[in-house]
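The values are calculated or read from the model by the stated rules, or taken from the named source; none is laboratory data. Because the structure is predicted, anything quoted here is derived from the model rather than measured. Heads up, the Cβs are rebuilt from the backbone with ideal geometry, glycines too, and the neighbour counts pull from every protein chain shown. Only protein heavy atoms, including side chains, enter the accessible area calculation; ligands, DNA and RNA are left aside. Shrake-Rupley method; radii C 1.70, N 1.55, O 1.52, S 1.80 Å.
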Amino acid sequence: MVDMTRNDMNPGRGTAIEVRGLVKHYGTTKALDGVDLDVREGTVLGVLGPNGAGKTTLVRCLSTLVVPDAGHATVAGYDVVTQPRQLRRTIGLTGQYASVDEKLSGWENLYMIGRLLDLSRKEARSRSDELLERFSLTEAARRPAMDYSGGMRRRLDLAASMIGRPAVLYLDEPTTGLDPRTRNEVWDEVQRMVAEGSTVLLTTQYMEEAEQLASELTVIDQGRIIARGGVDELKAKVGGRTLQIRPSDPADLAAMAHALHETGLDGISGAQTVPDEGLLYVPILSDEQLTAVIGLLGTRGFPLAHVATALPSLDEVFLAITGDKTASAAAPTDEEVAA
């Protein structure tokens, strides 16, 4: 955990994070290879990528923990290289591994950080109590952190990064190892902070998390940005849509699929029936194809009970963009190259 927050600073308007041509080497390994990035104020940018892609190195550069070898970056109006001291007081950071003072209680950890961030005694006490409750740590508040489970330490670490209500918050795979209930608590708190004006850069390998929180996505691989856009935009780029058709009579499924194959509509292929679901799945690439399929089934006299379209899942988008490869074969992890 590193929390370097102060909310009385005046971040720049419009763009909270601006990155141009960022480069970072670890020996012969180029962890970042000319990264360009813009994050609008009051939004969540999800950064996706396989292990070793450069996600953690990017966060470390933007939080002043690592000095880039080339390029330029500003966060909340401050240059990450020439103004690190000012920047550290406007940001919060939760890394991949919890780091708290194990000899202090959970409450003392939060109170100490609040006071270091110039919160008044009253505000530090109030904010500590508030976050302990939000992350279900109230009962363990006075226990030493060394007695916490791994999940409890992680929650305390997240609370510490948020105590000063940072203008910009970095969450580097924040919910790894958390149970579903605690993960939802983290999501709720992130959404609350964004609603209050904070900007979040989130790295994650949980597609559900990215879809739940991020308004924009950036995919990084081998130190380069290889795709960016909204969730639906990236889905549309990868594989079009799937038309899901449920006939009024499940016995019509096979006949409907045969009709589509027999007619050979332009561009329509791969219609599949799933009898257990009572559905016919038809891959489509355009609105014209969708209209043609529905029109054909109508002229053939098939009554339909339900029609819907679905974009590919974010997991499918991720694999299509980065390639279906293991992380170990692709590159060393950020931790390995930083060692």
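Looking only at segment 156-181, filter to residues that are touching an Asp or Glu at 6+ places or on another chain (Cβ under 8 Å) and hydrophobic (A, V, I, L, M, F, W, C); which one of those is nearest to V75 (Cα to Cα)? Applying the filter and picking the extreme gives M162. Taking segment 221-234 as the range and being touching a residue at least 24 places away in the same chain (Cβ under 8 Å) and within 12 Å of the chain's Cα centre (by Cα) as the test, only V231 passes.
Based on this model, can you work out whether T74 counts as at pLDDT 90 or above and either within 22 Å of the chain's Cα centre (by Cα) or open to solvent by 60 Å² or more (accessible area, probe 1.4 Å) (or both)? Yes, satisfied. What about G177, is it surrounded by fewer than 16 Cβ atoms within 10 Å (Cβ to Cβ), touching a helix residue (DSSP H, G or I) at 6+ places or on another chain (Cβ under 7 Å) and not basic (K, R)? Taking the combined requirement at face value, the residue satisfies it.
The criterion of at least 2 residues that are open to solvent by less than 30 Å² (accessible area, probe 1.4 Å) and at pLDDT 80 or above is met, among strands (runs of 3 or more DSSP E) falling completely within segment 187-299, by 199-203, 216-221, 224-229, 241-247, 279-284. When each of S136, S128 is tested for being open to solvent by 10 Å² or more (accessible area, probe 1.4 Å), among the hydroxyl-bearing types (S, T, Y) and in contact with a helix residue (DSSP H, G or I) (Cβ under 8 Å, 6 or more places away or on another chain), the lone residue that passes is S136.
Residue-by-condition table, conditions (1) closer than 15 Å to L169 by Cβ; (2) of a type outside the set (K, R); (3) free of Cβ contacts under 8 Å to residues at least 40 places away in the same chain:
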| residue | (1), (2), (3) |
| --- | --- |
| G42 | yes, yes, no |
| L48 | no, yes, no |
| A73 | no, yes, no |
| T82 | no, yes, yes |
| R88 | yes, no, no |
